[in-house]
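A.B. asks: Here you go, one structure.
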Amino acid sequence: RIFSFLDVVTLCRCAQVSRAWNVLALDGSNWQRIDLFDFQRDIEGRVVENISKRCGGFLRKLSLRGCLGVGDNALRTFAQNCRNIEVLNLNGCTKITDATCTSLSKFCSKLRHLDLASCTSITNLSLKALSEGCPLLEQLIISWCDQVTKDGIQALVRGCGGLKALSLKGCTQLEDEALKYIGAHCPELVTLNLQTCLQITDDGLITICRGCHKLQSLCASGCSNITDAILNALGQNCPRLRILEVARCSQLTDVGFTTLARNCHELEKMDLEECVQITDSTLIQLSIHCPRLQVLSLSHCELITDDGIRHLGNGACAHDRLEVIELDNCPLITDASLEHLKSCHSLERIELYDCQQITRAGIKRLRTHLPNIKVHAYFAPVTPPPSVGGSRQRFCRCCIIL
């Protein structure tokens, strides 16, 4: 019973104490959750096979993240022996192919969470297999599996309609039609990551919003084709939204964010980096309607001024919610903004790289009110560098972390 609370490394140490302890420590009932990432990442397939034989039906959760030496054969043996597995992390196991998903489909019907990120040999055949044999699947990560197309997504959602979290980051072949399948078959979806899916447009994402009313987290960073129509659709259909990441979506404007803020009052994290059209108007709406806001990135939003930060600093989220604000490359921000943030008692970090009008004195004054805050900034030399031989010398800026 005591051994059941120990981690992998401690169990292995206990197994060396005596024969009696060896039997107890290596009993399969103590190996229900195994994470080898911090233990040993260069393991071979036979280690996984031996683990599966010892743990058998006891094993519920296994992480082989980054185990480059593990391939399809070892995972077939694993699937045959560990049929009660519920959580399996194969992130970065680049040797595996569709054969692994075929094995999981055949033997592991209780699988709920599967991470296949960066397993670049995975194709639509894997998604078809999972659809047929793993109907309880709730979370699937296939980030950077760039061979996956709309056909694979169509097959997946028809058999796994209970999906709650789906990461398609870097699946560059996906088009709007893939999202239409998700919107039609996955009403329980809570988290969706579409970062760098460059072909996605408003049409596909609007379908998601209309079909997935429980959506709480959406990442569409890098999907540069989307417009305010997406923000309107989120506001009208997804009132539970907590996280929105739309960095580098330069077509989004204050109009869309106004609709979003007025309808999605549970927003906690927003990444608006390089949403270059937004102004203080967006910050005013967030300060009024989003009292739970904790993390806000406005880097490269060059139209933001001190007045917008003033409204944010006086907003409902300011005093005990706001933890991180990123203002890199906001040229209109001055020390006045730091004065407006003094009342944000929960503020833990502020980014100010390349904010030319921010001074060391302004940061020092902020720290007198928020002594534990981390301020990341750098400053150009105060005086012009001297000329040498008729040409101006180049000086690196001084990077500081206060």
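A.B. asks: Run down THR196, THR227 and say which single residue is polar (S, T, N, Q) and more than 19 Å from the chain's Cα centre (by Cα).
C.D. replies: It is THR227.
A.B. asks: Could you tell me which of the residues SER118, SER126, SER167, SER131 is within 21 Å of CYS67 (Cβ to Cβ), more than 19 Å from the chain's Cα centre (by Cα) and outside the structural domain of ARG240 (by the TED database)?
C.D. replies: SER126
A.B. asks: Just checking, how many residues over segment 236-254 are out of contact with any strand residue (DSSP E or B) (no Cβ under 8 Å at 6 or more places or on another chain) and closer than 20 Å to SER297 by Cβ?
C.D. replies: 7
Residues are listed down the side, and each one gets a yes or a no for (1) of a type in the set (S, T, N, Q); (2) in a loop (DSSP other than H, G, I, E, B); (3) open to solvent by 20 Å² or more (accessible area, probe 1.4 Å):
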| site | (1), (2), (3) |
| --- | --- |
| ARG158 | no, no, yes |
| GLU188 | no, yes, yes |
| ASP203 | no, no, yes |
| HIS213 | no, yes, yes |
| CYS223 | no, yes, no |
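A.B. asks: Restricting attention to segment 238-247, report how many residues are open to solvent by less than 30 Å² (accessible area, probe 1.4 Å) and more than 12 Å from GLN195 (Cβ to Cβ). Walk me through how you get there before you give the answer.
C.D. replies: Looking only at segment 238-247, we keep the residues that are open to solvent by less than 30 Å² (accessible area, probe 1.4 Å), and these are 238, 241, 244, 246-247.
Then drop every residue that is not more than 12 Å from GLN195 (Cβ to Cβ), which leaves 238, 241, 244.
Qualifying residue count, segment 238-247: 3.
A.B. asks: Are there any strands (runs of 3 or more DSSP E) wholly within segment 1-96 with 2 or more residues that are touching a residue at least 24 places away in the same chain (Cβ under 8 Å) and aliphatic (A, V, I, L, M), and if so which? Don't jump to the end; show me each part of the working.
C.D. replies: Details: elements: 33-35, 61-63, 87-89.
So the answer is 87-89.
A.B. asks: Quick one: what pairs do we get from segment 118-143, first residue over 19 Å from GLY92 (Cβ atoms), second open to solvent by 50 Å² or more (accessible area, probe 1.4 Å) and part of a helix (DSSP H, G or I), C-beta under 7 Å, 6+ apart or different chains?
C.D. replies: If the second residue must be open to solvent by 50 Å² or more (accessible area, probe 1.4 Å) and part of a helix (DSSP H, G or I), the pairs left are ASN124/ASP151; ALA129/THR102; SER131/ARG158; GLY133/LYS106.
The values are calculated or read from the model by the stated rules, or taken from the named source; none is laboratory data. What you see is a predicted model; the values in this text were computed from it and never measured. Here the Cβ is made from the backbone with ideal geometry for all residues, glycine too, and neighbour counts use every protein chain on show. Note: accessible area is taken over every heavy atom of the protein model, side chains too, but ligands, DNA and RNA are not part of it. Shrake-Rupley method; radii C 1.70, N 1.55, O 1.52, S 1.80 Å.
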